[in-house]
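First comes the structure, then the notes that go with it.
The values are calculated or read from the model by the stated rules, or taken from the named source; none is laboratory data. From a predicted model like this one, the values you see are computed outputs, not experimental measurements. Just so you know, the surface numbers come from the protein's heavy atoms only, side chains and all, with ligands and any DNA or RNA stripped out. Shrake-Rupley method; radii C 1.70, N 1.55, O 1.52, S 1.80 Å.
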Amino acid sequence: MALNAVMLEQGTRHPVPLPNENFLYHCSGVKFELKSGDGYPGDQLSLASPSGTAFISNQRIIFLPATTTHLTSTTNQPHTVNSYTIPHTNIKDQKFVQPLFGANRFEALAIPVANGHVEGRATLVLTFKEGGGFDFATIARKMSERIQETGEVPAHEEELPGYEGPQDVLPAYPDEAPPGYEQR
């Protein structure tokens with residue numbers, strides 16, 4: 001996981017894709033929380049953003065707060081969330097929570113990456129206040145399963161086209177009724 005390391009396309013609020021990266025889904029109105037540490041004072045990190053956009057690609061999950069407006073989200077201010085990214089290979093124990101009251105949320109254990117500005121394992125929580133959480137969690141689960149099966153991040157993740165049979169072949173109908181069949 002990396003804090004404040006996402007580059008944005010000029011004039012937009014979309015992340016710059018990595019080589020061979022395809023964005024599969026994005027959802028606005030998402031609350032972000034990242035909590036790490038074992039509960040001892042001074043040994044924990046708690047980051048939050050009340051609203052933003054969550055992106056999921058074939059390589060990573062990205063969160064951009066609603067207030068990020070500059071070209072890159074790199075900052076030297078500690079504990080400021082301008083962006084968050086985590087590769088699928090560093091996400092463990094994913095679950096989709098549908099509480100009786102409140103918004104659906106995606107929860108996972110986030111394992112840090114080198115030079116990511118976050119130390120130690122952390123709990124990632126994305127709360128979908130405006131819907132879209134189920135689709136997001138489904139894509140994240142599929143990516144995790146594919147990575148576990150192959151051992152690597154797929155170069156691309158695209159839906160296969162639906163089957164379309166031959167268009168010029170018409171079904172053959174007999175000219176006469178079968179024996180024992182009477183027309184009325």
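Any chance you could run the full-extension gain for Phe101 through Thr67? It's 0.36 nm times the residue separation minus the Cα-Cα distance, nm to one decimal.
Values: separation 34, 0.36 × 34 = 12.24 nm, distance 2.76 nm.
Difference between extended and current length: 9.5 nm.
Classify region 88-139 from the C-alpha gyration tensor, please: rounded if a/c falls under 1.5, else prolate or oblate depending on whether a/b exceeds b/c. Please report the intermediate quantities before stating the final value.
Details: a/c = 2.56, a/b = 2.17, b/c = 1.18.
It comes out prolate by the Cα gyration axes.
Of Glu21, Glu119, the residue with the largest accessible area leads and the full order is Glu119, Glu21 (1.4 Å probe).
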